[in-house]
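To start, the structure itself, in structure tokens.
The values are calculated or read from the model by the stated rules, or taken from the named source; none is laboratory data. All values derive from a computational prediction rather than experimental measurement. All Cβ positions, glycine included, derive from the backbone under ideal geometry; neighbour counts span all protein chains shown. The area values use the complete protein model at the heavy-atom level, side chains included, leaving out ligands, DNA and RNA. Shrake-Rupley method; radii C 1.70, N 1.55, O 1.52, S 1.80 Å.
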There are 2 protein chains.
Amino acid sequence: MTAEIICVGTELLLGDILNTNAQFLSRELAELGISVMHQHVIGDNPARLKELVLQAKSRSDLLVFSGGLGPTEDDLTKETVAEAFGDTLAFDEGEWQKIIDFFARTNRRPTPNNRKQAMCPTVGHKLINDHGTAPGAWFEDADGHCAALMPGVPREMKAMWAEQVRPILLKRQNCTIHSRTLRVLGGESAIASKVAPLFEAANPTAAIYCKTGECEIRVTARETTEQAAEAACNARIAEFKEILGAAAYDVDVPALEYTVVRALREHGLHAAAAESCTGGMIAERLTNVPGSSEVFGYGFVTYAEAAKQKLLGVDAAVIEKYNVVSGPVAAAMAFGAARESGAELAVGITGLAGPGGALPGKPVGTVYLAGADTRTDTGYLMRLTLGGYQDRQIIRTRAALYALDMLRRMALGLDVPDSMRFTPETADRDLDI
Amino acid sequence: MTAEIICVGTELLLGDILNTNAQFLSRELAELGISVMHQHVIGDNPARLKELVLQAKSRSDLLVFSGGLGPTEDDLTKETVAEAFGDTLAFDEGEWQKIIDFFARTNRRPTPNNRKQAMCPTVGHKLINDHGTAPGAWFEDADGHCAALMPGVPREMKAMWAEQVRPILLKRQNCTIHSRTLRVLGGESAIASKVAPLFEAANPTAAIYCKTGECEIRVTARETTEQAAEAACNARIAEFKEILGAAAYDVDVPALEYTVVRALREHGLHAAAAESCTGGMIAERLTNVPGSSEVFGYGFVTYAEAAKQKLLGVDAAVIEKYNVVSGPVAAAMAFGAARESGAELAVGITGLAGPGGALPGKPVGTVYLAGADTRTDTGYLMRLTLGGYQDRQIIRTRAALYALDMLRRMALGLDVPDSMRFTPETADRDLDI
């Protein structure tokens, strides 16, 4: 089956809004095994719209629309598509009542124009919108060409897709689908080179999406039963995990901090963070997880040298001797944060996020990250070199990601190279790396 | 002049990446007074591409491409467009040398395929790419139809647009353009209702873009001289500021924290933040501004009650009496942060970001924000009601925005309603709001 996506809206042509609907629909259609040949954006112009619809219909099986269902005169998408599919529209009393009720709930009254929104296909059928005023429409002609018309508001479109359109298409594709998303630390090329063959398979499919410092691998299995799809999906995820090891940190979570909070909670542990170059980003990410207050109580944003001494007890002589951006200072920050907060685990981070401030032998992007585990009085130190990115925000984001991963590894007791290990007693000399 | 945007790339059709290029080019073309009639996304398929190019060329003056300039066999965009414009391609020794040098700098060698990328128009001309391997191409036929081919990588495309394509189009439009962006706190409908007539004007144009808790108003003037365009732009910005008052906080800055850091620096002031529900977001935003270390040294993420007592000296009895989410606690946090850090200005923030944790009379989204100005021993308190958003991240982001604005207002000495003012001595009783 082939499809074209048609987004209707002048605001898209003006660049006023970003077209996230096209990406969403493309991904979803790809998962269903439907090939998207074109994406189009077009304004509310009936002549141009008609030309496009006839053309798209002549070469593709399915047209998926978002937008153009509004009440104004020039919103003629539904009328135009109905004509192209040899269908007509009829006034639907039930939908009109829903529109009246919707307006009443928000203390408004519909205008006569809104009646247009209650017009529904007579050969095809309406698509129910439980999240806004206008119903969508499904058209189908004798040759089996179909069109799904959905609202342009992403929230309404996504709900209508999931509740109404996707089930119709799943049935036609005669399958069920199960997807899971594996999150992996590292860059796309490093990850892809390890698991390239797994991306070749036709079913389950795997797609990789990059974010700063990590990637998502989305695995999608299509089978005739939900059970078989889920099993195929899980088996493929297991293969990825086997190859990628501990870098593959979790499945179906929004971000690393969710994994960290859960690991802490499951092990009855608490964490603290002492941040210089990341300036609160580690704390911000951890506290964005609902329920994180059980495991995270203290964050120290010690941006100034005096703050590191006063809040964390970092020795002024250590700063003087090794520089504030150094392994010994990161180590003292981590153990200071653990001591002051009473948390079992802590991280300390100090570095040069740039653009200015480079030191001899320490270019912009040099970051020292220390982990402190007070249960064993063991520390872990990493020197990160993130200067290749030359972007303050990216350097900070990557540094925070490493810090969250350090917390995860300490909480889960994962293997850490011996070269990273230190004890607070010998910290100073050993950590001058 | 009318235009169509054509983005070439299978990864866009699969939904693997979000098409930000289309939005960028649409905005830029709109600013130049060029009407975008269609946006298209198409794969690397020569037959379909040819059909689309001929069609687009038959109805629009200008075709703007991104993507399809890669070295692989199926990247045939340049060849296809050349043919449609009656042009041919010739090997360009200079571009080939640049490709060899580019690879050498990254320790790689070009493959024979890369030679394709050095092919340039013979009637039209190349577009220089100073940020990647492949040059772009400009085609033009006898009827005055034009095509600009640029890389798909956003960074390379944007640079080529600004340095090569935009100047050609500006010259053809016989004008210069000047744009400035005003940033305004508040929601779109509230702002738009105050300044609606200013959005109607044809020149300078004004467009509003919404973000969480604030909007950008982009004003663009087209005139025959740069001086006239700049003057027209500034005059319109002044009109917006006149109507919107202090909510219009700055022009041509990336975000509110840049304004805050500059205000602090210009007034020789320092700020500190004591954060509970925002969990480090205020500190993170301030420290993301290059040079912020001059004005911001201490951030206290006191997520736990014990942390508020220990780090900020908040009286346990006050927490007990008013609850930890209360005006008196926010006030004590702000003055505690100022005292512990030595900063002249500080903010304290405590609230319920949800999803759980609602208290009697304090639903999710209730946030207390206090400002402390130690120069005058004056405090300012706001009770925010952000629960309508029902989203932890949005509640936190809006709360942080209010806190940054509180710092801005204190630093600049802007008027604050008397009802918000308090003195530390009377804080407890007066702030139980």
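Listing for the model above:
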quantity: B:Ala370 in contact (Cβ under 8 Å) with a residue 12 or more places away in the chain, buried (at least 21 other Cβ atoms within 10 Å of the Cβ), within 30 Å of the chain's Cα centre (by Cα) and in a helix (DSSP H, G or I); calculated: no
quantity: Unique match (being loosely packed, with under 14 Cβ neighbours inside 10 Å, over 16 Å from A:Met160 (Cβ atoms) and at pLDDT 95 or above) among A:Thr72, A:Thr106, A:Thr111, A:Thr122; calculated: A:Thr122
quantity: Count of residues meeting criterion [over 21 Å from the mean Cα position of the chain (by Cα), part of a helix (DSSP H, G or I) and at pLDDT 95 or above] in segment A:373-430; calculated: 6
quantity: Search result, residues across segment B:29-66 that are free of Cβ contacts under 8 Å to residues at least 40 places away in the same chain, within 11 Å of chain A (Cβ to nearest Cβ) and among the acidic types (Asp, Glu); calculated: B:Glu51
quantity: So A:Glu216, is it more than 14 Å from chain B (Cβ to nearest Cβ) and touching a residue at least 12 places away in the same chain (Cβ under 8 Å); calculated: no
quantity: Filter result (touching a residue at least 60 places away in the same chain (Cβ under 8 Å) and over 27 Å from B:Thr397 (Cβ atoms)) within segment A:283-320; calculated: A:Val318
quantity: Residue list for segment A:283-295, filter: touching a helix residue (DSSP H, G or I) at 6+ places or on another chain (Cβ under 7 Å) and either among the basic types (Lys, Arg) or not in a loop (DSSP other than H, G, I, E, B) (or both); calculated: A:Glu284, A:Arg285, A:Leu286, A:Ser292, A:Glu294
quantity: Residue in segment B:269-282 that is touching a Gly at 6+ places or on another chain (Cβ under 8 Å), in contact (Cβ under 8 Å) with a residue 40 or more places away in the chain and assigned to a helix (DSSP H, G or I) present; calculated: yes
quantity: Count of residues meeting criterion [within 14 Å of another protein chain (Cβ to nearest Cβ) and among the acidic types (Asp, Glu)] in segment A:238-259; calculated: 1
quantity: Some residue of segment A:241-258 being outside the structural domain of A:Asn323 (by TED's automatic domain parsing), surrounded by fewer than 19 Cβ atoms within 10 Å (Cβ to Cβ) and of a type in the set (Lys, Arg); calculated: yes
quantity: Single residue of segment B:23-38 satisfying the filter (polar (S, T, N, Q) and modelled with pLDDT of 95 or more) that is least open to solvent (accessible area, probe 1.4 Å); calculated: B:Ser26
quantity: Sole residue being in contact (Cβ under 8 Å) with a residue 40 or more places away in the chain and open to solvent by 10 Å² or more (accessible area, probe 1.4 Å), chosen from A:Thr77, A:Thr20, A:Thr88, A:Thr10; calculated: A:Thr20
quantity: Residue that is nearest to the other protein chains (Cβ to nearest Cβ), among those in segment B:335-353 that are open to solvent by less than 10 Å² (accessible area, probe 1.4 Å) and assigned to a helix (DSSP H, G or I); calculated: B:Ala337
quantity: Segment A:182-200 - residue that is of a type in the set (Gly, Ala, Ser) and assigned to a helix (DSSP H, G or I) and, of those, surrounded by the most Cβ atoms within 10 Å (Cβ to Cβ); calculated: A:Ala192
quantity: Tally, over segment A:355-368, of residues that are closer than 24 Å to A:Leu286 by Cα and in contact with a Lys or Arg (Cβ under 8 Å, 6 or more places away or on another chain); calculated: 3
quantity: Selection count, segment B:8-28, where residues are hydrophobic (A, V, I, L, M, F, W, C) and more than 8 Å from chain A (Cβ to nearest Cβ); calculated: 1
quantity: For A:Arg262: the one exception among (1) buried (at least 23 other Cβ atoms within 10 Å of the Cβ); (2) more than 24 Å from A:Gly327 (Cα to Cα); (3) more than 8 Å from chain B (Cβ to nearest Cβ); calculated: (1)
quantity: Single condition A:Tyr298 does not satisfy, out of (1) buried (at least 20 other Cβ atoms within 10 Å of the Cβ); (2) in a helix (DSSP H, G or I); calculated: (2)
quantity: Qualifying position, being assigned by TED's automatic domain parsing to the domain that holds A:Asp87, in a strand (DSSP E or B) and within 17 Å of A:Phe65 (Cα to Cα), among A:Ala137, A:Ala162; calculated: A:Ala137
quantity: Top-ranked residue in segment B:206-223 [being more than 14 Å from the chain's Cα centre (by Cα) and of a type in the set (D, E, K, R); ranked as most open to solvent (accessible area, probe 1.4 Å)]; calculated: B:Arg222
quantity: Of all residues in segment A:281-312 being among the charged types (D, E, K, R) and more than 7 Å from chain B (Cβ to nearest Cβ), the one that is farthest from A:Ala353 (Cα to Cα); calculated: A:Glu294
quantity: Checklist (1) in contact (Cβ under 8 Å) with a residue 60 or more places away in the chain; (2) within 14 Å of another protein chain (Cβ to nearest Cβ); (3) in contact with a Ser or Thr (Cβ under 8 Å, 6 or more places away or on another chain); (4) not aliphatic (A, V, I, L, M) applied to B:Arg222, failing item; calculated: (2)
quantity: Qualifying residue in segment A:322-334 (condition: in a helix (DSSP H, G or I), within 14 Å of another protein chain (Cβ to nearest Cβ) and either farther than 27 Å from A:Ser419 by Cβ or in contact with an Asp or Glu (Cβ under 7 Å, 6 or more places away or on another chain) (or both)); calculated: no
quantity: Residue tally, condition more than 21 Å from A:Ile34 (Cα to Cα), of a type in the set (A, V, I, L, M, F, W, C) and crowded, with 22+ Cβ neighbours inside 10 Å, over segment A:131-181; calculated: 1
